[in-house]
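First comes the structure, then the notes that go with it.
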Amino acid sequence: DNLITLHQRKYDKLVNVKKSMLEKIFPKNGESIPDIRFSGFTEDWEHRKLSELCFLVTKGTTPLDKSSIGTVNFVKIESIDEVSGEIKIMQKITDEEHNGYLRRSQLKKGDILFSIAGTLGRVTAVKSGILPANTNQALAIIRLKSGCLQYIKTYLKGKAVADFIKENPTIGAQPNLSLEQVGNLEISLPTENEQKFIGSYFQHLDNLI
């Protein structure tokens, strides 16, 4: 029990450190330099729409077969840990569905998943260990052509995107964001080397958590 209490305190402290750093390590709206920066980096940041950095921004659909029998992993919002972003599979679909009407949303290593319905803004990146895998319409699939994967994934967890989500959801039966809105997300970009430093820092934090 004492060990559990100590580990819980460490966990809570790391979660708070991550939350604080996510607010300070990216520039505020209208600014080109963040509050906190790794030493050696001095260049101004640029601003790009997410769609400009991507080959693809799309989403899946709900499987017709609800039996959860099959060999292909099916990722939903609840499969993604809210803090660490780790994917825990809870459902399967068949190869026939995966290679048939769900072909458009087949996942690849390095795809970023970003929740756009119900629970907004949950983020993860696809690792090879869960493949083959597919997803539904509640998760946007973001396939990058430029930018550091770990950096973009981290940026999507930050305050600027959280503020965008608060200001822009389409309210229906449940809050949601359109793929167009996701593509229009403004991303603040430092140099590639600084992106790698920031991405590695948060990857290390996530591993500790």
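The values are calculated or read from the model by the stated rules, or taken from the named source; none is laboratory data. Given the structure is predicted, the values throughout are model-derived calculations rather than measurements. Every residue, glycine among them, receives a Cβ derived from its backbone with ideal geometry; neighbour counts consider all protein chains shown. Keep in mind that these areas ignore ligands, DNA and RNA; they rest on the heavy atoms of the full protein, side chains included. Shrake-Rupley method; radii C 1.70, N 1.55, O 1.52, S 1.80 Å.
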Unmet criterion (only one of (1) open to solvent by 40 Å² or more (accessible area, probe 1.4 Å); (2) part of a strand (DSSP E or B); (3) touching a helix residue (DSSP H, G or I) at 6+ places or on another chain (Cβ under 7 Å)) for N73: (1)
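Would you mind stating whether K145 is open to solvent by 50 Å² or more (accessible area, probe 1.4 Å), under 18 Å from V182 (Cβ atoms), out of contact with any Lys or Arg (no Cβ under 6 Å at 6 or more places or on another chain) and in contact (Cβ under 8 Å) with a residue 24 or more places away in the chain? Before you say what the answer is, go through the steps one by one.
Values: open to solvent by 50 Å² or more (accessible area, probe 1.4 Å): yes; under 18 Å from V182 (Cβ atoms): yes; out of contact with any Lys or Arg (no Cβ under 6 Å at 6 or more places or on another chain): yes; in contact (Cβ under 8 Å) with a residue 24 or more places away in the chain: yes.
Yes, satisfied.
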Only unsatisfied item for P63, checking (1) closer than 30 Å to E192 by Cβ; (2) in a loop (DSSP other than H, G, I, E, B); (3) at pLDDT below 95; (4) open to solvent by less than 20 Å² (accessible area, probe 1.4 Å), is (1)
Would you check if G129 is among the small types (G, A, S) and closer than 15 Å to L56 by Cα? no
Number of positions in region 78-97 that are among the β-branched types (V, I, T), open to solvent by 20 Å² or more (accessible area, probe 1.4 Å) and closer than 30 Å to N16 by Cα: 3
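Conditions (1) at pLDDT 90 or above; (2) under 30 Å from E97 (Cβ atoms); (3) over 21 Å from the mean Cα position of the chain (by Cα); (4) of a type in the set (S, T, N, Q), marked per residue:
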| site | (1), (2), (3), (4) |
| --- | --- |
| E23 | no, no, no, no |
| N29 | no, no, no, yes |
| S32 | no, no, yes, yes |
| S51 | yes, yes, no, yes |
| L56 | yes, yes, no, no |
Complete set of residues in region 64-108 that are of a type in the set (A, V, I, L, M, F, W, C) and touching a residue at least 60 places away in the same chain (Cβ under 8 Å): V72, F74, V75, I77, V83
When residues of region 1-60 are limited to those that are in contact (Cβ under 8 Å) with a residue 12 or more places away in the chain, among the hydroxyl-bearing types (S, T, Y) and part of a helix (DSSP H, G or I), the one nearest to E186 (Cα to Cα): S51
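Out of K153, K196, which single residue is basic (K, R), open to solvent by less than 70 Å² (accessible area, probe 1.4 Å) and modelled with pLDDT of 90 or more?
Exactly one residue qualifies, and that residue is K153.
I need the helices (runs of 4 or more DSSP H) fully contained in region 103-205, keeping only those with at least 2 residues that are within 15 Å of S84 (Cα to Cα). Explain how you work it out, then say what you get.
Values: elements: 149-155, 159-167, 179-183.
In region 103-205, the matching helices (runs of 4 or more DSSP H) lie at 149-155.
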Need the failing condition index for K108 against (1) modelled with pLDDT under 95; (2) of a type in the set (K, R); (3) open to solvent by 50 Å² or more (accessible area, probe 1.4 Å), just the number. (1)
Index of the failed condition, A133 passing every other in (1) among the small types (G, A, S); (2) open to solvent by 30 Å² or more (accessible area, probe 1.4 Å); (3) out of contact with any helix residue (DSSP H, G or I) (no Cβ under 8 Å at 6 or more places or on another chain): (2)
